[in-house]
Amino acid sequence: MASTHVYDEMKAFLQTAVTPVPVLDWDKLDSALQQREDPFIVLEELFCDEIVASFGDPSGICIRETASIQCHCFVPAPESSSAGRTLAESVQQAFRLQQFQGVRVLDVTPPEPNIGELNDGIWSSVSVITDMTMDRIEAIP
């Protein structure tokens, strides 16, 4: 699970970039699918790791966090293929080569349809995966 700082900063950055499309946490997916008729984005944390990057700083140890977060872009059918790809491409463009609040985006995948996930005639989903990193200094134990 990504640290609160990385996840919150990424979510806030994305929400600003795709306004007025709401950016939701994964645990809000079921209620969003039942209640909404407008496009929305759901974040899913795929991977997170922390390593000690250096011991040389006299103020502490540099910890490097890396994380992968998948951005699922949901659009109502039947306009799903073009609208979903357009929304996912806007997410990809927003994150490409960005740095915000100490978080550095390393890579953003091209949009990929989630064929087996939801293509039930009501919703369709296209996703991009964002890889990011952040360094922070922790006190020497």
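Run through the range 1-102 and list the GluC sites (Glu not before Pro) located in a DSSP loop whose Cβ has at most 13 other Cβ atoms within 10 Å. If you can, show how the numbers build up before the last one.
Values: sites: 9, 37, 44, 45, 50, 65, 79, 89; in loops: 37, 79.
Passing sites in the range 1-102 are 37, 79.
Residues in the range 41-77, backbone N under 15 Å from the label point at residue 27 (7 Å along the Cα-to-beta-carbon vector): list them, ranges by number please. Answer for this model: 43-45.
Were the residues from residue 12 through residue 93 laid out at 0.36 nm apart, the gain over their Cα-Cα distance would be 27.6 nm. Taking amide H atoms as placed 1.01 Å from N in the peptide plane, the amide H of residue 114 lies under 5 Å from those of 125, 126, 127, each 5 or more residues away in sequence or on another chain. Taking a point 7 angstrom from the Cα of residue 135 along the C-beta vector, which residues in the range 36-79 have backbone N less than 15 Å away? What the label zone holds, given the 15 Å backbone N cut-off, is 51-66. Just checking my list (1) 0.99; (2) 1.25; (3) 1.06 against Rg/Rh (Cα atoms, Kirkwood Rh) computed from this structure; which label fits? The value computed from this structure is option (3).
Quick note: the coordinates plus some simple rules give every number you see, no bench work behind them. Bear in mind that the values here come from a model prediction, so they are computed numbers and not experimental data. Cβ atoms come from the backbone with ideal geometry, glycine included; neighbour counts cover every protein chain shown.
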